[in-house]
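See structure below.
The values are calculated or read from the model by the stated rules, or taken from the named source; none is laboratory data. Predicted model, so just to flag it, every value in this text is computed and none were measured. Cβ placement follows ideal geometry from the backbone for every residue including glycine, while neighbour counts extend to all protein chains displayed.
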Amino acid sequence: MKLTKNQIDELYKFTRKHYVYHYDVQSELVDHLANDIEKIWEQTPNLSFEDAKNNSFKKFGIFGFMDVIEAKQKQMNKRYKHIMWRFFKEWFTLPKVTTTLVLFLSIFFFLKIQFSEYILLGTLFIFLIFDVINQFKNRKIQKEKKGKTEKIFLLEAMIGNTKGGFTGITALNFFNFVNLSHINFSALEIHWSIIVSLTATLLCILFYVIHYIIPQKAEELLIETYPEYRLVNNL
Amino acid sequence: MSNQKLYKGSLQTIILKLLATHHKMYGYEITQKVKELTKGELQITEGALYPALHKLEADGLLDIEVVKVENRLRKYYKLTEIGTKETTDKLEEMQQFLKTMQHLVNPKFSLE
């Protein structure tokens, strides 16, 4: 006996109920449960769909789908870092390396200005406000999408929300660090100025890649990661 | 069934070997194949299989292919080029391990 379309939909709902929120992870588990239920029915054809489903789920152990979710998250973190690195590297090859150099020199000379730390704090603050607005917009889009299709891929959620951990919170930490450390940047020795400028340059590029470049290329990256992305979204 | 712990460390090698022989397989198929080949002696649990597959995929040893089968999506795993090489290495390691264990548990006595 084969599972009907409705029963497959039931299984998707079942995985969601057990904390599997992303479509890519759900799909694999649904196919697994479906195969197992069909196998169970071969041996005991009179068993109800509900019972067969529960018997199959029990085989995942007391933690249910948790181990699978965790492993998938780890795998995707690795992939996200790989993508991040791919775009980050570009800023150190021609022609983009010129922008990187200009940025580095600008920060370096900017730090020499007296009271530059206050200007830096101001810039970070403005950035934070923009980030909060951006996050808010993104959440809204994701929420609307969730309401409509409920097919959100794990990498899609990472590109939109968690951003591999480099969100505005990281910027807030820098804000606090600069604010509390009371460093007078203009009085720093040259080697410290270079280190500070270099770190700031690298961070600027990283934020730009994560907040602008990767989201812009989201669809391309999702198609590359998920062979089923086109199939599901009818692209 | 009681010696499942002994097999635990070999799960990745088992998966790689199966994929080397069968070209492409999906999760459920792997569990069934192992059960069939070992006549039920080894049963890969679902909670261990998928994390292992996802790790191998993240390490670049496996590639995926998704096909619509009946009314659902099926994710097939197959070896990448690096995966094929790694399978050979892992199988060699396994042979070495078996040999060492053999020596340990069943030492040959000599008169010297």
Fill in the blank from the handout: Of (1) buried (at least 19 other Cβ atoms within 10 Å of the Cβ); (2) at pLDDT below 90, B:Leu19 fails just (2)
Handout entry: Tabulated pairs, segment A:162-177, first farther than 13 Å from A:Tyr208 by Cα and modelled with pLDDT of 70 or more, second aromatic (Phe, Trp, Tyr) and in a helix (DSSP H, G or I), C-beta under 8 angstrom, 6+ apart or interchain
Key = A:Phe175/A:Phe125
Practice task
Quickly run through segment B:60-88 and pick out the residues that are within 10 Å of chain A (Cβ to nearest Cβ) and without any contact (Cβ under 8 Å) to a residue 12 or more places away in the chain.
Solution key: B:Val66, B:Val67, B:Lys68, B:Val69, B:Glu70, B:Asn71, B:Arg72, B:Leu73
Practice task
Report yes if some residue within segment A:20-33 is in a helix (DSSP H, G or I), touching a His at 6+ places or on another chain (Cβ under 7 Å), within 10 Å of another protein chain (Cβ to nearest Cβ) and more than 30 Å from A:Cys204 (Cβ to Cβ); otherwise report no.
Solution key: no
Completion exercise
Over segment A:184-204, the set of residues closer than 21 Å to A:Ala171 by Cβ and aliphatic (A, V, I, L, M) is A:Ile195, A:Val196, A:Leu198, A:Ala200, A:Leu202, A:Leu203
Completion exercise
For segment B:58-68 the number of residues that are closer than 15 Å to B:Gln12 by Cβ and either buried (at least 21 other Cβ atoms within 10 Å of the Cβ) or touching a Gly at 6+ places or on another chain (Cβ under 7 Å) (or both) is 2
Practice task
Would you point out the residue of segment B:62-112, among those that are part of a loop (DSSP other than H, G, I, E, B) and closer than 30 Å to A:Lys2 by Cβ, that is modelled with the lowest pLDDT?
Solution key: B:Glu70
Practice task
Select, from A:Lys59, A:Lys96, A:Lys89, A:Lys5, the only residue that is under 25 Å from A:Leu221 (Cα atoms), surrounded by fewer than 16 Cβ atoms within 10 Å (Cβ to Cβ) and either of a type in the set (Gly, Ala, Ser) or modelled with pLDDT under 90 (or both).
Solution key: A:Lys96
Completion exercise
Note on A:Thr98: of the conditions (1) more than 21 Å from A:Ile210 (Cβ to Cβ); (2) touching a residue at least 12 places away in the same chain (Cβ under 8 Å); (3) among the hydroxyl-bearing types (Ser, Thr, Tyr), unmet is (2)
Completion exercise
Given (1) over 20 Å from A:Lys74 (Cα atoms); (2) more than 9 Å from chain A (Cβ to nearest Cβ); (3) touching a Ser or Thr at 6+ places or on another chain (Cβ under 6 Å); (4) free of Cβ contacts under 8 Å to residues at least 60 places away in the same chain, B:Ala20 misses just (4)
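Among the residues of segment B:23-31, is there at least one that is facing another protein chain (nearest Cβ under 9 Å), part of a strand (DSSP E or B) and on the phi < 0 side of the Ramachandran plot?
If we filter segment B:23-31 for residues that are facing another protein chain (nearest Cβ under 9 Å), which is where we start, we get B:26-29, B:31.
With part of a strand (DSSP E or B) added as a condition, the list becomes B:26.
Filter once more, keeping what is on the phi < 0 side of the Ramachandran plot: B:26.
Taking every residue of segment B:23-31 in turn, at least one turns out to be facing another protein chain (nearest Cβ under 9 Å), part of a strand (DSSP E or B) and on the phi < 0 side of the Ramachandran plot.
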Practice task
Could you list all residues from segment B:43-59 that are under 18 Å from A:Lys39 (Cα atoms) and either more than 10 Å from chain A (Cβ to nearest Cβ) or not in a helix (DSSP H, G or I) (or both)?
Solution key: B:Gln43, B:Ile44, B:Thr45
